[in-house]
Amino acid sequence: MKTPVLVAASAYGADFVRQVGHAHLIPIVAAAGAAGLEIRRELFVELPDFDELHGLLMKHKLFSVYSAPIELFRKDGSLARDELDQVMGEAQQLQSRFLKVSLGHFSPASNMLDWSRFVAQAPVPLLLENDQTEHGGKLESIANFLAVCSGTGVPVGMTFDMGNWRWSGVDAEVAARTLAAHVQYVHCKGVWNDKGKLKAIPLDEDDAVWRRLFSHFPRGVQRAIEFPIIGKDLEAATRNYVAMLASA
(Lines give C-alpha, C1' and ligand atoms only; values in the text may rest on other atoms or scores of the structure.)
Protein backbone atom coordinates (compact mmCIF):
# COMPACT_ATOMS: atom_id res chain seq x y z
CA MET A 1 0.00 0.00 0.00
CA LYS A 2 1.35 3.40 -0.96
CA THR A 3 1.66 6.03 1.75
CA PRO A 4 0.81 9.73 1.30
CA VAL A 5 3.94 11.83 0.81
CA LEU A 6 4.38 15.55 1.45
CA VAL A 7 6.93 17.90 -0.04
CA ALA A 8 8.67 20.47 2.17
CA ALA A 9 8.76 23.81 0.37
CA SER A 10 12.44 24.09 1.26
CA ALA A 11 13.19 21.19 -1.08
CA TYR A 12 12.94 23.64 -3.98
CA GLY A 13 15.56 25.96 -2.52
CA ALA A 14 15.14 28.95 -0.23
CA ASP A 15 15.94 31.58 -2.86
CA PHE A 16 13.50 30.09 -5.38
CA VAL A 17 10.66 29.82 -2.87
CA ARG A 18 11.16 33.37 -1.63
CA GLN A 19 11.09 34.54 -5.24
CA VAL A 20 7.97 32.68 -6.43
CA GLY A 21 6.08 32.13 -3.17
CA HIS A 22 4.44 29.03 -1.72
CA ALA A 23 1.34 29.45 -3.88
CA HIS A 24 3.46 28.78 -6.97
CA LEU A 25 4.51 25.40 -5.55
CA ILE A 26 1.03 24.09 -4.85
CA PRO A 27 0.05 23.04 -8.40
CA ILE A 28 3.50 21.49 -8.94
CA VAL A 29 3.25 19.40 -5.78
CA ALA A 30 -0.33 18.36 -6.55
CA ALA A 31 0.44 17.38 -10.15
CA ALA A 32 3.39 15.30 -8.92
CA GLY A 33 1.05 13.12 -6.87
CA ALA A 34 1.98 14.39 -3.41
CA ALA A 35 -0.64 14.53 -0.67
CA GLY A 36 0.49 17.74 0.97
CA LEU A 37 2.88 20.66 1.23
CA GLU A 38 4.98 21.56 4.24
CA ILE A 39 4.79 25.32 4.45
CA ARG A 40 7.96 26.91 5.81
CA ARG A 41 7.50 30.15 7.73
CA GLU A 42 11.15 31.16 7.35
CA LEU A 43 10.68 31.26 3.57
CA PHE A 44 8.02 33.98 3.62
CA VAL A 45 9.24 37.35 2.37
CA GLU A 46 6.17 38.72 4.12
CA LEU A 47 3.29 36.94 5.80
CA PRO A 48 0.72 35.77 3.23
CA ASP A 49 -3.06 35.70 3.39
CA PHE A 50 -3.30 32.38 5.23
CA ASP A 51 -6.98 31.87 4.41
CA GLU A 52 -6.23 32.36 0.72
CA LEU A 53 -3.30 29.95 0.89
CA HIS A 54 -5.50 27.36 2.59
CA GLY A 55 -8.13 27.80 -0.12
CA LEU A 56 -5.55 27.16 -2.82
CA LEU A 57 -4.41 24.01 -1.03
CA MET A 58 -8.00 22.79 -0.83
CA LYS A 59 -8.54 23.54 -4.53
CA HIS A 60 -5.65 21.20 -5.34
CA LYS A 61 -6.73 18.62 -2.73
CA LEU A 62 -3.61 19.04 -0.60
CA PHE A 63 -3.22 19.30 3.15
CA SER A 64 -0.46 21.17 4.92
CA VAL A 65 2.02 20.91 7.74
CA TYR A 66 3.16 24.28 9.05
CA SER A 67 6.84 24.50 9.97
CA ALA A 68 7.93 27.43 12.11
CA PRO A 69 11.53 28.10 13.25
CA ILE A 70 10.42 28.39 16.86
CA GLU A 71 12.20 26.85 19.84
CA LEU A 72 9.82 25.77 22.60
CA PHE A 73 12.09 26.73 25.47
CA ARG A 74 14.32 29.75 25.86
CA LYS A 75 17.75 29.64 27.46
CA ASP A 76 16.24 30.46 30.85
CA GLY A 77 13.88 27.46 30.63
CA SER A 78 10.77 29.55 30.03
CA LEU A 79 8.25 28.64 27.36
CA ALA A 80 8.35 30.85 24.25
CA ARG A 81 4.64 31.47 24.66
CA ASP A 82 4.27 34.66 22.62
CA GLU A 83 6.02 33.13 19.60
CA LEU A 84 4.04 29.92 19.95
CA ASP A 85 0.74 31.77 20.15
CA GLN A 86 1.63 33.62 16.96
CA VAL A 87 2.53 30.59 14.86
CA MET A 88 -0.28 28.49 16.32
CA GLY A 89 -2.75 31.12 15.13
CA GLU A 90 -1.22 30.98 11.66
CA ALA A 91 -1.35 27.17 11.59
CA GLN A 92 -5.01 27.34 12.62
CA GLN A 93 -5.79 29.73 9.75
CA LEU A 94 -4.08 27.33 7.36
CA GLN A 95 -6.02 24.46 8.94
CA SER A 96 -2.73 22.57 8.96
CA ARG A 97 -2.57 18.98 10.08
CA PHE A 98 0.39 19.73 12.36
CA LEU A 99 2.50 22.62 13.61
CA LYS A 100 6.19 21.67 13.62
CA VAL A 101 8.65 23.31 16.01
CA SER A 102 11.93 22.40 17.74
CA LEU A 103 12.80 21.79 21.37
CA GLY A 104 15.18 24.58 22.25
CA HIS A 105 16.77 24.69 25.70
CA PHE A 106 14.81 22.09 27.59
CA SER A 107 16.15 21.24 31.05
CA PRO A 108 14.83 20.10 34.46
CA ALA A 109 14.24 23.81 35.14
CA SER A 110 11.87 24.20 32.19
CA ASN A 111 8.32 25.23 33.02
CA MET A 112 6.29 22.17 32.07
CA LEU A 113 3.07 23.50 33.60
CA ASP A 114 2.88 26.32 31.05
CA TRP A 115 3.70 23.83 28.32
CA SER A 116 1.00 21.38 29.41
CA ARG A 117 -1.62 24.14 29.46
CA PHE A 118 -0.58 25.33 26.01
CA VAL A 119 -0.72 21.85 24.45
CA ALA A 120 -4.04 21.02 26.07
CA GLN A 121 -5.63 24.09 24.48
CA ALA A 122 -3.81 24.01 21.13
CA PRO A 123 -6.20 23.87 18.13
CA VAL A 124 -3.51 22.27 15.94
CA PRO A 125 -1.43 19.29 17.15
CA LEU A 126 2.24 20.07 17.73
CA LEU A 127 5.14 17.98 16.53
CA LEU A 128 8.66 18.30 17.89
CA GLU A 129 11.53 18.01 15.41
CA ASN A 130 15.14 17.09 16.09
CA ASP A 131 16.96 20.09 14.63
CA GLN A 132 20.61 20.67 13.77
CA THR A 133 21.52 22.65 16.88
CA GLU A 134 23.69 21.31 19.66
CA HIS A 135 21.03 21.96 22.29
CA GLY A 136 17.91 21.02 20.30
CA GLY A 137 19.18 17.94 18.52
CA LYS A 138 20.35 15.84 21.46
CA LEU A 139 18.73 12.43 21.58
CA GLU A 140 18.77 12.31 25.38
CA SER A 141 17.07 15.71 25.76
CA ILE A 142 14.40 14.89 23.20
CA ALA A 143 13.71 11.46 24.71
CA ASN A 144 13.50 12.93 28.21
CA PHE A 145 11.14 15.68 27.11
CA LEU A 146 8.81 13.29 25.29
CA ALA A 147 8.80 10.98 28.30
CA VAL A 148 7.86 13.85 30.60
CA CYS A 149 5.07 14.86 28.22
CA SER A 150 3.67 11.34 28.18
CA GLY A 151 3.92 11.15 31.95
CA THR A 152 1.92 14.34 32.43
CA GLY A 153 -0.90 13.17 30.18
CA VAL A 154 -0.22 15.62 27.36
CA PRO A 155 1.83 13.55 24.92
CA VAL A 156 3.28 15.29 21.89
CA GLY A 157 4.31 13.64 18.65
CA MET A 158 7.62 13.87 16.86
CA THR A 159 8.92 14.83 13.46
CA PHE A 160 11.84 12.47 12.96
CA ASP A 161 14.39 14.10 10.66
CA MET A 162 16.54 11.21 9.54
CA GLY A 163 19.32 13.47 8.28
CA ASN A 164 19.60 15.95 11.13
CA TRP A 165 21.01 13.30 13.48
CA ARG A 166 24.26 13.56 11.53
CA TRP A 167 24.71 17.12 12.82
CA SER A 168 24.24 15.79 16.36
CA GLY A 169 26.58 12.84 15.89
CA VAL A 170 23.76 10.39 16.61
CA ASP A 171 23.15 7.11 14.81
CA ALA A 172 19.75 7.57 13.13
CA GLU A 173 18.78 3.95 13.71
CA VAL A 174 19.51 4.23 17.44
CA ALA A 175 17.34 7.34 17.50
CA ALA A 176 14.61 5.55 15.56
CA ARG A 177 14.52 2.67 18.03
CA THR A 178 14.50 5.07 20.97
CA LEU A 179 11.81 7.43 19.72
CA ALA A 180 9.67 5.19 17.51
CA ALA A 181 6.60 5.32 19.75
CA HIS A 182 6.41 9.11 19.34
CA VAL A 183 7.07 9.44 15.61
CA GLN A 184 4.16 10.76 13.54
CA TYR A 185 6.01 12.42 10.67
CA VAL A 186 9.35 11.72 8.99
CA HIS A 187 11.62 14.19 7.22
CA CYS A 188 13.50 12.29 4.53
CA LYS A 189 16.93 13.31 3.32
CA GLY A 190 20.42 12.03 2.91
CA VAL A 191 23.53 13.82 4.17
CA TRP A 192 26.88 14.25 2.47
CA ASN A 193 30.08 15.34 4.16
CA ASP A 194 31.59 17.81 1.70
CA LYS A 195 35.10 18.51 2.99
CA GLY A 196 33.89 18.80 6.55
CA LYS A 197 30.62 20.56 5.77
CA LEU A 198 27.42 18.53 6.02
CA LYS A 199 24.90 19.03 3.22
CA ALA A 200 21.45 17.59 2.55
CA ILE A 201 21.26 15.40 -0.56
CA PRO A 202 18.57 13.24 -2.22
CA LEU A 203 18.06 9.74 -0.95
CA ASP A 204 19.33 6.87 -3.09
CA GLU A 205 16.49 4.56 -4.09
CA ASP A 206 18.72 1.50 -3.72
CA ASP A 207 20.05 2.46 -0.28
CA ALA A 208 18.60 0.07 2.29
CA VAL A 209 19.77 2.14 5.27
CA TRP A 210 17.08 4.84 5.12
CA ARG A 211 14.41 2.31 4.21
CA ARG A 212 15.29 0.30 7.30
CA LEU A 213 14.44 3.29 9.50
CA PHE A 214 10.80 3.01 8.48
CA SER A 215 10.64 -0.50 9.94
CA HIS A 216 10.76 1.10 13.41
CA PHE A 217 7.89 3.53 12.81
CA PRO A 218 4.13 2.99 12.68
CA ARG A 219 3.03 1.54 9.36
CA GLY A 220 2.02 4.26 6.92
CA VAL A 221 3.63 7.08 8.92
CA GLN A 222 3.48 10.37 7.05
CA ARG A 223 6.70 11.40 5.40
CA ALA A 224 8.06 14.38 3.49
CA ILE A 225 10.72 15.08 0.90
CA GLU A 226 13.16 17.48 2.54
CA PHE A 227 16.14 17.06 0.25
CA PRO A 228 16.93 19.22 -2.80
CA ILE A 229 14.66 18.76 -5.82
CA ILE A 230 16.34 20.21 -8.87
CA GLY A 231 15.92 20.03 -12.62
CA LYS A 232 14.23 21.81 -15.49
CA ASP A 233 11.03 19.83 -14.93
CA LEU A 234 10.28 20.17 -11.21
CA GLU A 235 6.99 18.32 -11.52
CA ALA A 236 8.64 15.24 -13.03
CA ALA A 237 11.51 15.29 -10.53
CA THR A 238 9.06 15.62 -7.65
CA ARG A 239 6.87 12.82 -9.00
CA ASN A 240 9.82 10.41 -9.08
CA TYR A 241 10.73 11.11 -5.45
CA VAL A 242 7.11 10.97 -4.29
CA ALA A 243 6.76 7.52 -5.82
CA MET A 244 9.99 6.37 -4.19
CA LEU A 245 8.97 7.49 -0.70
CA ALA A 246 5.40 6.26 -1.06
CA SER A 247 6.64 2.71 -1.38
CA ALA A 248 9.08 2.86 1.57
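The values are calculated or read from the model by the stated rules, or taken from the named source; none is laboratory data. Bear in mind the structure is a predicted one, so any value in this text is a computation, not a measurement. When we count neighbours, we look across all protein chains shown, and the Cβ atoms used for this are built from the backbone with ideal geometry, even at glycine. Side chains are part of the model used for accessible areas, which takes the heavy atoms of the whole protein and leaves out ligands, DNA and RNA. Shrake-Rupley method; radii C 1.70, N 1.55, O 1.52, S 1.80 Å.
Could you say which residue among ALA35, ALA23 is among the small types (Gly, Ala, Ser) and within 17 Å of the chain's Cα centre (by Cα)? Spell out the reasoning first.
Working: ALA23 fails: within 17 Å of the chain's Cα centre (by Cα).
Testing whether each residue is among the small types (Gly, Ala, Ser) and within 17 Å of the chain's Cα centre (by Cα) leaves just ALA35.
Evaluate the following for VAL65: is it open to solvent by less than 20 Å² (accessible area, probe 1.4 Å) and either within 16 Å of the chain's Cα centre (by Cα) or of a type in the set (S, T, N, Q) (or both)?
Values: open to solvent by less than 20 Å² (accessible area, probe 1.4 Å): yes; either within 16 Å of the chain's Cα centre (by Cα) or of a type in the set (S, T, N, Q) (or both): yes.
So VAL65 fits the description; yes.
Checking the structure you have, find out if any residue of region 98-106 is touching a Ser or Thr at 6+ places or on another chain (Cβ under 8 Å), surrounded by fewer than 20 Cβ atoms within 10 Å (Cβ to Cβ), at negative phi and at pLDDT below 95.
no
Of all residues in region 134-152, which are β-branched (Val, Ile, Thr) and either under 27 Å from GLN95 (Cα atoms) or in contact (Cβ under 8 Å) with a residue 40 or more places away in the chain (or both)?
Of the residues in region 134-152, the ones β-branched (Val, Ile, Thr) are 142, 148, 152.
ILE142, THR152 - these are the residues of region 134-152 that are β-branched (Val, Ile, Thr) and either under 27 Å from GLN95 (Cα atoms) or in contact (Cβ under 8 Å) with a residue 40 or more places away in the chain (or both).
Okay, residues lined up against (1) open to solvent by less than 80 Å² (accessible area, probe 1.4 Å); (2) over 19 Å from the mean Cα position of the chain (by Cα); (3) closer than 26 Å to LEU99 by Cα; (4) modelled with pLDDT under 95:
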position: CYS188; (1), (2), (3), (4): yes, no, yes, no
position: LYS195; (1), (2), (3), (4): no, yes, no, yes
position: GLU205; (1), (2), (3), (4): no, yes, no, yes
position: PRO218; (1), (2), (3), (4): yes, no, yes, yes
position: VAL221; (1), (2), (3), (4): yes, no, yes, no
position: PRO228; (1), (2), (3), (4): yes, no, yes, no
position: GLY231; (1), (2), (3), (4): yes, yes, no, yes
position: ALA236; (1), (2), (3), (4): yes, yes, no, no
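Is one or more of the residues making up region 153-165 of a type outside the set (A, V, I, L, M, F, W, C), out of contact with any His (no Cβ under 8 Å at 6 or more places or on another chain), in contact (Cβ under 8 Å) with a residue 12 or more places away in the chain and at negative phi?
No, region 153-165 contains no residue that is of a type outside the set (A, V, I, L, M, F, W, C), out of contact with any His (no Cβ under 8 Å at 6 or more places or on another chain), in contact (Cβ under 8 Å) with a residue 12 or more places away in the chain and at negative phi.
Output the residues belonging to region 111-127 that are crowded, with 21+ Cβ neighbours inside 10 Å and either more than 13 Å from VAL154 (Cα to Cα) or at pLDDT below 95 (or both).
Passing the criteria: only TRP115.
Do we have any residue at all in region 160-180 that's of a type in the set (Ser, Thr, Tyr), open to solvent by less than 70 Å² (accessible area, probe 1.4 Å), within 20 Å of GLU38 (Cβ to Cβ) and not in a loop (DSSP other than H, G, I, E, B)?
Taking region 160-180 first, the residues of a type in the set (Ser, Thr, Tyr) are 168, 178.
Cutting the leftovers down to open to solvent by less than 70 Å² (accessible area, probe 1.4 Å) gives us 168.
Applying the additional criterion that residues be within 20 Å of GLU38 (Cβ to Cβ) yields none.
For region 160-180, residues of a type in the set (Ser, Thr, Tyr), open to solvent by less than 70 Å² (accessible area, probe 1.4 Å), within 20 Å of GLU38 (Cβ to Cβ) and not in a loop (DSSP other than H, G, I, E, B): absent.
When you look at ASP161, is it modelled with pLDDT under 95 and closer than 26 Å to ARG239 by Cα, yes or no?
On the way: modelled with pLDDT under 95: no; closer than 26 Å to ARG239 by Cα: yes.
Spelling it out, it is not the case that ASP161 is modelled with pLDDT under 95 and closer than 26 Å to ARG239 by Cα.
Pull out all pairs, ordered by first then second residue, where Cβ-Cβ is under 7 Å, the residues are six or more apart or on different chains, the first lies in region 210-235 and is free of Cβ contacts under 8 Å to residues at least 60 places away in the same chain and more than 16 Å from HIS182 (Cβ to Cβ), and the second is acidic (Asp, Glu) and open to solvent by 10 Å² or more (accessible area, probe 1.4 Å).
ARG212/GLU173
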